[in-house]
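Asker: So that we are looking at the same thing, I have put the structure below in structure tokens.
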Amino acid sequence: MSKPANVVLLIDDEPKIRRFLRAGFELNGFDVLEAENATEALKIATFSPPDLIVLDLALPDLHGAEVLERIRAWSNIPIIILSVAAGEDDKVRLLQAGADDYVVKPFGMAELLARSEASLRRYFKSTTETPVVVAGPLSVDLVTRTVSLNHSRLHLTRKEYRLLHVLAMHVGLVVTHDQLLKEIWSGNQRDNIQYLRILVRKLRQKIETDPNQPRLLITESGVGYRLQNRFDSVPVADRVS
Amino acid sequence: MIAADNHQGSRALWRAASPVLLSVLGVALFTAPLLAFSRNVATSLVPIAYLIPVMFVATRWGIWPAMVASIAAMAAADFFFFAPLYSFRVDDPQEAVDLLLFLIVSMVSSNLASRLRQETERLRRSEKDMQALYDFSRRLASCFTIADLIAAIQEHFALAFGHPATFFVKRSDSNIEPPESRFVPPMVQAAATAMNSGVGPMSRTILDANRSGLWLLRAISSDDAIHGVIAVNVGIGSQQAIAIRTSRIEAILDETALTLQRLDIGKAMESARLHLQGQLLRDAFHGTLSHELCSPLAAIQGSASVLDSIPAIRSDPRIRALVDAISEETAQLGGYIRNLLSATRVTAGGLSPRLEWTDPRDILNGAARRRGRQLGAHRIEIAFADDLPLLHVDSGLIEEACGQILENAAKYSPSGSTISVDVRPEPERVIIRVSDQGVGITQDEQEKLGRRSFRGARHQASVPGSGLGFWIASIFVHANGGTISVHSEGQGQGTAVMIKLPAAASSPAMVACDE
């Protein structure tokens, strides 16, 4: 590996959690910094800014949400939240406060790595040259605004494309209902989640192999949607066919 | 009964006659020493001496015995001390005037003395009443339940009036409990029933039940309910006596009403306190469970997932099997903990669904994906009808409910068998049907299924679980305005669970959402 490793800052008061996170990240080519409380974390984030932050919500000295807000006040660095069985409202609030994504404990390392890579990609996107987002058989060219599935051009309505565009910009990351409604309708339909549900249903009919069991456009119950770009885990219902 | 009446009558007669007899006797007794000293006493002073027994009688027994005593004293003075002796005749007109003057003075003083007596009596009685009422209100202050209150009133009435009050207590089925054996006139009973049911005169009423005299009836009610009616026999007597007694009884009942209000406030505070305790307990339990149980679990599962990603481990089947075992067991433990958390949420009353429009496909796919590990050994076939409307539910709760049902289906059916899920619309609702090819359930088990922690006796040894699954699912479904039912042809015939959920009348206009 010639390119310098990404640096991840792990903020969690549980040494056991930090231990396996360190192992998991190091095995995947990251350099790891650790902080066991908010004060230490803010110091490290300020003086030796990492490329990615993994933040646990339950810290001894300050709530994780507060840490998130303080870092977001001056930095756009990717932040992924670790939480214990958080409610949908909490997740939405954290995402709106600027978190890139979240994973709920207990979680697997693969899931956290996928989120980390997705948020790093979004962060560095402005500097990369390729405007084409690929998710499995789907590719979205954000500049020419063309969408193709298995190399054949797809025809989407304006709102369908807008939806896919927003999701593709955050590929691999969750996008909240609110954010989607704002981006797509902006006007008086902003509160109407029914329209969003129906629009998603229509888009799935065009991009999914089986719209009843979507693999690309994933629902995050009560939070939002995610355009999936990794397919390690095979959905249960797929084993049937 | 007649004998008893006679007995009572003679006692009353004796009570009325005895002061008169005693006053005559008193005059007679006073005469004896006067006779002994008569030679040393001027005759004209004798009547003045007789004022002593008359005053005594007046202060002791009142005006009428004092009158009798005055006349008796005048007669005795005339008979024993005025000439001619031992005769009621009076020859000297001066002596006649003396005697007459004595009679007038004696009668006027008796009147004054007896009035003084009455006044003192009244003061003493009202002081006693005040003391009793004060004691009563102190006793009421220590009442914490309606039953305490009733006992206190009974005791106080027995003490103050010699007979207890009669209670018509309202039962929870809003009929009234008949009073204890004591005799209560039928018309009083009828009036109490009417007051309890809210018909007729509401708060208080006075009835004249001929033989037993007046009855005062008063509803014992607090702000929000009538607890019963209290009936007090005021008795027979002069209008004044009745008025006095009625006002005393009213004073007691006023105290009672105040106490009841306090009890109601107390009850409300108590329930608020219990609610708060429940909430604190739930929060503490949630916090503790989340932290103390989930954190180590997260560390184990995370570590296992890191091990699983190391090529050297993945390539050695023996080590890999161990890692898989760790992952599977922790996942199962995680499931139990999640169930426990859900159960605490339900029992502590903290379940408030966050309703939103949701696609039923998302819910079922999510449920199957989340339970991937538990469903791994089965074929899952999910069939969605084409034109499914959106559901108006809390998607998190319903996804959990469907997950529980799927997990149960997998637990109680053989590996490799098919679990089929069928989702179809009906007017204004959506029906989710989960059927398996498993052990089925018996009629007896079907009846017990909705209870918390029920597990079929047949499977307790062979299938692991807490028995909370179906209970949690049914609570979650009901909280979202849906219903859940179980059908089975019997043992070994498989089980079908039907969940019915409220849905949009029809899909919103497809055009409106796009352009």
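The values are calculated or read from the model by the stated rules, or taken from the named source; none is laboratory data. Because the structure is a prediction, the values reported are computed rather than measured. Cβ coordinates were reconstructed from backbone atoms using ideal geometry, including for glycine residues, and neighbour counts include every protein chain displayed.
Asker: Could you please let me know if residue A:115 is closer than 21 Å to residue A:77 by Cα and surrounded by fewer than 20 Cβ atoms within 10 Å (Cβ to Cβ)? If you could, list the steps in order and put the result at the bottom.
Answerer: Numbers: closer than 21 Å to residue A:77 by Cα: yes; surrounded by fewer than 20 Cβ atoms within 10 Å (Cβ to Cβ): no.
Criteria not met by residue A:115.
Asker: Looking at (1) crowded, with 20+ Cβ neighbours inside 10 Å; (2) closer than 25 Å to residue B:353 by Cβ; (3) charged (D, E, K, R), which is the one condition that is false for residue A:100?
Answerer: It fails just one condition, (2).
Asker: Mind listing whichever residues of the stretch B:370-379 are of a type in the set (A, V, I, L, M, F, W, C) and within 9 Å of chain A (Cβ to nearest Cβ)?
Answerer: Of all residues in the stretch B:370-379, those of a type in the set (A, V, I, L, M, F, W, C) come to B:375, B:377.
Residue satisfying the conditions is B:375 alone.
Asker: List the strands (runs of 3 or more DSSP E) inside the stretch A:129-201, counting only whole elements, that have at least 1 residues being hydrophobic (A, V, I, L, M, F, W, C), over 20 Å from the mean Cα position of the chain (by Cα) and crowded, with 21+ Cβ neighbours inside 10 Å.
Answerer: Numbers: elements: A:132-135, A:138-141, A:146-149, A:152-154, A:174-176.
Filter on the stretch A:129-201 gives A:146-149.
Asker: While we're here: What is the residue count in the stretch B:348-395 for residues that are crowded, with 20+ Cβ neighbours inside 10 Å, small (Gly, Ala, Ser) and over 16 Å from residue B:422 (Cβ atoms)?
Answerer: Within the stretch B:348-395, residues that are crowded, with 20+ Cβ neighbours inside 10 Å, small (Gly, Ala, Ser) and over 16 Å from residue B:422 (Cβ atoms) number 2.
Asker: Sticking with this one: Taking residue B:266 and the conditions (1) farther than 27 Å from residue B:131 by Cα; (2) at pLDDT below 70, which numbered condition does it fall short on, given that it satisfies the others?
Answerer: Unmet condition: (1).
Asker: Can you list residue pairs whose Cβ atoms sit under 6 Å apart, with the first residue in the stretch A:156-180 being touching a residue at least 40 places away in the same chain (Cβ under 8 Å) and within 10 Å of chain B (Cβ to nearest Cβ) and the second being among the small types (Gly, Ala, Ser) and outside any loop (DSSP other than H, G, I, E, B)? Count only pairs 6 or more apart in sequence or on different chains.
Answerer: Correct list of pairs: A:177/A:224.
Asker: Turning to a different aspect of this structure: Need pairs with beta-carbon distance below 6 Å; first residue within 16 Å of residue B:364 (Cα to Cα) and within the stretch B:414-427, second surrounded by 15 or more Cβ atoms within 10 Å (Cβ to Cβ) and among the aromatic types (Phe, Trp, Tyr); sequence gap 6+ or separate chains.
Answerer: Within 6 Å, the pairs are B:423/B:384.
Asker: Take the residues in the stretch A:1-18 that are closer than 20 Å to residue B:291 by Cβ and more than 19 Å from the chain's Cα centre (by Cα), then tell me which one is surrounded by the fewest Cβ atoms within 10 Å (Cβ to Cβ). Give the steps one after another, and end with the answer.
Answerer: Start the filter on the stretch A:1-18 by keeping residues that are closer than 20 Å to residue B:291 by Cβ, which leaves A:10-18.
Filter again for more than 19 Å from the chain's Cα centre (by Cα), leaving A:12-18.
Values: A:12: 25, A:13: 16, A:14: 18, A:15: 10, A:16: 15, A:17: 22, A:18: 20.
Among them, the one singled out is A:15.
Asker: Just checking, does the stretch B:108-130 include any residue being touching a Phe, Trp or Tyr at 6+ places or on another chain (Cβ under 7 Å) and surrounded by fewer than 11 Cβ atoms within 10 Å (Cβ to Cβ)?
Answerer: From the stretch B:108-130, those touching a Phe, Trp or Tyr at 6+ places or on another chain (Cβ under 7 Å) are none; that's our starting set.
No, every residue in the stretch B:108-130 fails to be touching a Phe, Trp or Tyr at 6+ places or on another chain (Cβ under 7 Å) and surrounded by fewer than 11 Cβ atoms within 10 Å (Cβ to Cβ).
Asker: While we're on this one: Looking at A:176, A:144, can you tell me which residue is under 28 Å from residue A:123 (Cβ atoms), at pLDDT 90 or above and not aliphatic (A, V, I, L, M)?
Answerer: Only one candidate passes the filter, namely A:176.
Asker: Anything in the stretch A:16-68 that is farther than 22 Å from residue A:117 by Cα, outside any loop (DSSP other than H, G, I, E, B) and within 9 Å of chain B (Cβ to nearest Cβ)? List them, or say none.
Answerer: A:16
Asker: Using the structure shown, decide if residue B:37 is of a type in the set (Phe, Trp, Tyr), surrounded by 12 or more Cβ atoms within 10 Å (Cβ to Cβ) and at pLDDT below 85.
Answerer: Considered against the rule, which asks whether it is of a type in the set (Phe, Trp, Tyr), surrounded by 12 or more Cβ atoms within 10 Å (Cβ to Cβ) and at pLDDT below 85, residue B:37 comes out as no.
Asker: What number of residues within the stretch B:297-327 are part of a loop (DSSP other than H, G, I, E, B) and either β-branched (Val, Ile, Thr) or within 7 Å of another protein chain (Cβ to nearest Cβ) (or both)? Full working, then the answer.
Answerer: To start, the set of residues in the stretch B:297-327 that are part of a loop (DSSP other than H, G, I, E, B) comprises B:309-310, B:316.
This time we only want the ones that are either β-branched (Val, Ile, Thr) or within 7 Å of another protein chain (Cβ to nearest Cβ) (or both), so: B:309-310.
Residues in the stretch B:297-327 being part of a loop (DSSP other than H, G, I, E, B) and either β-branched (Val, Ile, Thr) or within 7 Å of another protein chain (Cβ to nearest Cβ) (or both): 2 in total.
Asker: What residue, of B:432, B:382, is assigned to a strand (DSSP E or B), in contact with a helix residue (DSSP H, G or I) (Cβ under 9 Å, 6 or more places away or on another chain) and within 10 Å of chain A (Cβ to nearest Cβ)? Give the steps one after another, and end with the answer.
Answerer: Details: B:432 fails: within 10 Å of chain A (Cβ to nearest Cβ).
Being assigned to a strand (DSSP E or B), in contact with a helix residue (DSSP H, G or I) (Cβ under 9 Å, 6 or more places away or on another chain) and within 10 Å of chain A (Cβ to nearest Cβ) holds for just one of B:432, B:382, which is B:382.
Asker: Another question, if that's okay. Take the residues in the stretch B:483-506 that are buried (at least 17 other Cβ atoms within 10 Å of the Cβ) and within 14 Å of chain A (Cβ to nearest Cβ); name whichever of them is modelled with the lowest pLDDT.
Answerer: Of everything passing the filter in the stretch B:483-506, B:504 is modelled with the lowest pLDDT.
Asker: Provide a single number: the residues in the stretch A:19-65 that are buried (at least 18 other Cβ atoms within 10 Å of the Cβ), in contact (Cβ under 8 Å) with a residue 40 or more places away in the chain, within 21 Å of residue B:291 (Cα to Cα) and of a type outside the set (D, E, K, R).
Answerer: Adding up the residues that qualify gives 6.
Asker: Another question, if that's okay. List every residue pair whose Cβ atoms sit under 8 Å apart, with the two residues 6 or more apart in sequence or on different chains, where the first one lies in the stretch B:328-345 and is more than 10 Å from chain A (Cβ to nearest Cβ) and charged (D, E, K, R) and the second, anywhere, is surrounded by fewer than 19 Cβ atoms within 10 Å (Cβ to Cβ) and part of a helix (DSSP H, G or I).
Answerer: Going by the 8 Å Cβ cut-off, the qualifying pairs are B:328/B:373; B:345/B:282; B:345/B:286.
Asker: Is at least one residue of the stretch B:147-162 over 49 Å from the mean Cα position of the chain (by Cα) and aromatic (Phe, Trp, Tyr)? Give the derivation first.
Answerer: Looking only at the stretch B:147-162, we keep the residues that are over 49 Å from the mean Cα position of the chain (by Cα), and these are none.
For the stretch B:147-162, residues over 49 Å from the mean Cα position of the chain (by Cα) and aromatic (Phe, Trp, Tyr): absent.
Asker: Would you check if residue B:363 is within 28 Å of residue A:107 (Cβ to Cβ), out of contact with any Ser or Thr (no Cβ under 7 Å at 6 or more places or on another chain) and of a type in the set (Val, Ile, Thr)? Write out each step before concluding.
Answerer: Numbers: within 28 Å of residue A:107 (Cβ to Cβ): yes; out of contact with any Ser or Thr (no Cβ under 7 Å at 6 or more places or on another chain): no; of a type in the set (Val, Ile, Thr): yes.
So residue B:363 does not fit the description; no.
Asker: Go through (1) loosely packed, with under 13 Cβ neighbours inside 10 Å; (2) aliphatic (A, V, I, L, M); (3) in a helix (DSSP H, G or I) and name the single condition residue B:85 misses.
Answerer: (3) is the only condition that residue B:85 fails.
Residue-by-condition table, conditions (1) in a loop (DSSP other than H, G, I, E, B); (2) farther than 24 Å from residue B:357 by Cβ; (3) modelled with pLDDT of 85 or more; (4) among the β-branched types (Val, Ile, Thr):
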| position | (1), (2), (3), (4) |
| --- | --- |
| B:419 | no, yes, yes, yes |
| B:422 | no, no, yes, no |
| B:453 | yes, yes, no, no |
| B:458 | no, yes, no, no |
| B:474 | no, no, yes, no |
| B:481 | yes, no, yes, no |
